[in-house]
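A.B. asks: Sending over a structure as structure tokens; questions will come in a sec.
The values are calculated or read from the model by the stated rules, or taken from the named source; none is laboratory data. Everything numeric in this text was worked out from a predicted model, so none of it was measured. In this analysis, Cβ positions are derived from the backbone assuming ideal geometry, glycine residues included, and neighbour counts consider all displayed protein chains. For accessibility, only protein heavy atoms count, side chains too; no ligands or nucleic acids. Shrake-Rupley method; radii C 1.70, N 1.55, O 1.52, S 1.80 Å.
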Amino acid sequence: MLNVGVIGLGEVAQVVHLPVLQSLPELFSVQAGCDISPTLVKEVGARFGIPQTYLSATAMIEAGGLDAVLVLNSDEYHAECVVTAMEHGLHVLVEKPMCLSPREAERIIETRDRTGLTVMVGYMRRFAPAFVEAKELLPTLGGVNFARVHDVIGRNQLIVDQTSYVVRPADLTEAQMHERWDRGSALVRDAIGDVGGELAGAYRLLCGLGSHDFSAMRELLGRPSGVAAARMWKQGGYIAALLDYPGFVVSYETGVDEQLRFDAHLEVYGDLASLRIQYDTPYVRHLPTTLTIDETSGDALKKTVIRPHLKDPYTHELEYFHACVVEGRAPKTTPEDFAEDLDLFAELVRVLGTR
Ligand SMILES: NC(=O)c1ccc[n+]([C@@H]2O[C@H](COP(=O)([O-])OP(=O)(O)OC[C@H]3O[C@@H](n4cnc5c(N)ncnc54)[C@H](O)[C@@H]3O)[C@@H](O)[C@H]2O)c1
């Protein structure tokens with residue numbers, strides 16, 4: 001069993017990771033948690049029975065007694081926490097985006113190589129059984145003619161407010177919030193230059209939501225050779241792009257609105273059949289991810305819908321993380337794998353900026 005510490009006790013920790021960790025008592029024991037919000041540390045610590053709580057990640061890590069940490073705090077602090085944890089001998093599962101700049105990614109990779117520890121990026125959609133099965137079925141589609149990667153969702157809080165109890169802190173200071181914004185701006189500048197607010201917003205949307213889409217697309221279809229065209233609107237809140245592959249194009253579309261709907265899917269159209277992986281909101285656990293296969297059979301079009309398993313992708317992801325740590329094997333969602341997404345986002349933003 002791994003003794004774990006949780007860095008960041010916000011929305012996703014409360015709705016997803018802490019309940020999932022509790023559902024896997026043979027694999028994980030949550031020994032510590034930290035957040036910069038005293039309210040969260042007190043209330044979430046008590047609610048989930050976390051034995052030791054701290055107001056800083058460094059204090060939690062230095063206190064010892066842990067095998068691994070889950071990094072679930074704000075994006076701007078991921079790299080710092082990942083590196084500090086590894087410097088103290090801890091394995092790491094870090095939520096996406098692993099970091100915001102290539103320089104941070106290099107630092108994480110260098111520390112991982114020096115310490116020999118496991119660092120895994122929390123791309124849970126790639127652990128959904130429907131996704132794994134789709135990958136296995138892909139060669140049966142024949143040549144790929146076209147694919148769509150679609151992620152248009154309602155704001156998370158609309159769904160969370162209907163289905164979960166979440167403590168939202170009101171005790172973060174102005175100084176803490178400004179430090180976070182300034183840090184985020186500096187990291188985006190380091191990654192893509194001084195591009196202005198709209199392009200910087202598009203880059204953050206890609207790092208936040210788009211990283212799920214791009215990483216799943218890369219695992220399924222490989223890395224695109226380039227970005228053929230891209231547009232953004234609504235201050236960088238919506239993006240559409242055409243991504244070049246040898247012999248076909250992928251249409252990518254994303255945005256966040258105020259509808260109580262979560263529609264994320266990857267659809268691949270082949271010569272012999274097409275398949276579609278359909279994700280629902282991850283904030284309501286165990287909502288199925290489905291795989292639909294359309295194929296022509298004689299005069300008929302046959303549609304098969306598969307729900308391979310009811311277990312949610314986060315549980316599969318955490319089981320996989322545990323196996324990687326105890327067996328000493330590299331995860332498929334490595335820091336290098338994440339760095340490919342950052343690279344593609346920079347290219348997409350460059351194309352967006354040429355309009
Ligand atoms: N895989 C997924 O499906 C998924 C879903 C939601 C969020 N996420 C990721 O999880 C992370 C957290 O998202 P969230 O929605 O819970 O955000 P949130 O703002 O609700 O929670 C983040 C928490 O981190 C705390 N924090 C900020 N800086 C800190 C620091 N230096 N040390 C310790 N704590 C600090 C904040 O006080 C806050 O409570 C983000 O990186 C996000 O991209 C992933």
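A.B. asks: GNM on the chain, C-alpha springs below 10 Å: top fluctuator among A202, A59, A68?
C.D. replies: Sorting by GNM fluctuation, first place goes to A59.
A.B. asks: Only helical DSSP H runs with n ≥ 4 go in: add -39500 (n - 2.57) per run for the chain, normalise by residue count and round the 222 nm mean residue ellipticity to 500 deg cm²/dmol.
C.D. replies: -11500 deg cm²/dmol
A.B. asks: Under the classification rounded if a/c is under 1.5, otherwise prolate if a/b is larger than b/c and oblate if not, where does segment 289-333 fall, given a ≥ b ≥ c as square roots of the Cα gyration tensor eigenvalues?
C.D. replies: Prolate shape, in that a/c is at least 1.5 and a/b is the bigger ratio.
A.B. asks: With a cap of 13 neighbouring Cβ atoms within 10 Å, and only residues DSSP puts in a loop, list the GluC sites (Glu not before Pro) found in segment 235-318.
C.D. replies: Answer by residue number: E258.
A.B. asks: Additional query: Calculate I(q)/I(0) for the chain by the Debye formula, one identical point scatterer on each C-alpha and no solvent, and give its log10 at q = 0.08, 0.14, 0.15 Å⁻¹ to two decimals.
C.D. replies: Log-scaled intensity ratios, in q order: -0.39, -1.24, -1.42.
A.B. asks: Once you sort the root eigenvalues of the Cα gyration tensor of segment 1-62 as a ≥ b ≥ c, which label holds: rounded (a/c under 1.5), prolate (a/b larger than b/c) or oblate (the other case)?
C.D. replies: In terms of gyration-tensor shape, oblate.
A.B. asks: Related question: May I ask you to evaluate 6.51 cos²θ - 1.76 cosθ + 1.60, the Karplus curve with θ = phi - 60°, for each residue of segment 79-90 and list the ³J(HN,Hα) values in order in whole Hz, giving x for glycine and proline?
C.D. replies: 4, 4, 5, 4, 5, 4, 4, 5, 4, 9, x, 9
A.B. asks: In the chain, how many lysine pairs have Cα atoms under 20 Å apart, counting only pairs 8 or more places apart or on different chains? Don't skip to the end; give the middle numbers.
C.D. replies: Working: K96/K332; K135/K302; K135/K303; K135/K311; K135/K332; K311/K332.
Going through the chain pair by pair, I get 6.
A.B. asks: Let me ask something else about it. Which whole-number value in Å² is the accessible area per residue of segment 4-53, probe 1.4 Å? All intermediate terms of the calculation are to be shown ahead of the outcome.
C.D. replies: Values: 1770 Å² over 50 residues.
For segment 4-53, the solvent-accessible area averages 35 Å² per residue.
A.B. asks: If you don't mind, another one. Got a number for carbon plus sulfur as a percent of segment 125-228's accessible area, 1.4 Å probe?
C.D. replies: 52
A.B. asks: Now, a different point. In square nanometres, what is one fourth of the surface area of the convex hull spanned by the alpha carbons of segment 145-289?
C.D. replies: Averaged projected hull area, Cα only: 10.8 nm².
A.B. asks: Could you give the length gained on full extension between V305 and L287, defined as 0.36 nm per residue of separation minus the Cα-Cα distance, in nm?
C.D. replies: Working: separation 18, 0.36 × 18 = 6.48 nm, distance 1.49 nm.
Length gained between V305 and L287: 5.0 nm.
A.B. asks: Provide, as a two-decimal number, the C-alpha radius of gyration of segment 222-355 over 2.2 N^0.38 Å, N being how many residues it has.
C.D. replies: Ratio of Rg to 2.2 N^0.38 Å for segment 222-355: 1.28.
A.B. asks: Now, a different point. So how far apart, in nm, are the two label points at F248 and R218 if each is 7 Å from Cα heading toward Cβ?
C.D. replies: Between F248 and R218, the label points sit 2.0 nm apart.
A.B. asks: Still on this structure, please answer the following. May I ask for the Kirkwood hydrodynamic radius of segment 254-298, worked out over all distinct Cα pairs and given in angstroms to one decimal? Let's see the in-between values first.
C.D. replies: Numbers: mean 1/r = 0.0807 Å⁻¹.
Result for segment 254-298 stands at 12.4 Å.
A.B. asks: Rounded to the nearest 10 Å², what accessible area does K303 show when all protein chains are kept and the probe is 1.4 Å?
C.D. replies: Rounded to the nearest 10, that gives 130 Å².
A.B. asks: Which FRET efficiency value, to the nearest 0.05, is calculated for S74 and T140 with the Förster distance at 35 angstrom and r the Cβ-Cβ distance? Show your work: numbers first, answer last.
C.D. replies: Details: r = 42 Å, r/R0 = 1.20.
The computed FRET efficiency comes out at 0.25.
A.B. asks: Report the residue, chosen from D299, D280, D312, that carries the largest GNM mean-square fluctuation when the chain is represented by alpha-carbon nodes joined by springs under 10 Å.
C.D. replies: Top of the fluctuation ranking is D299.
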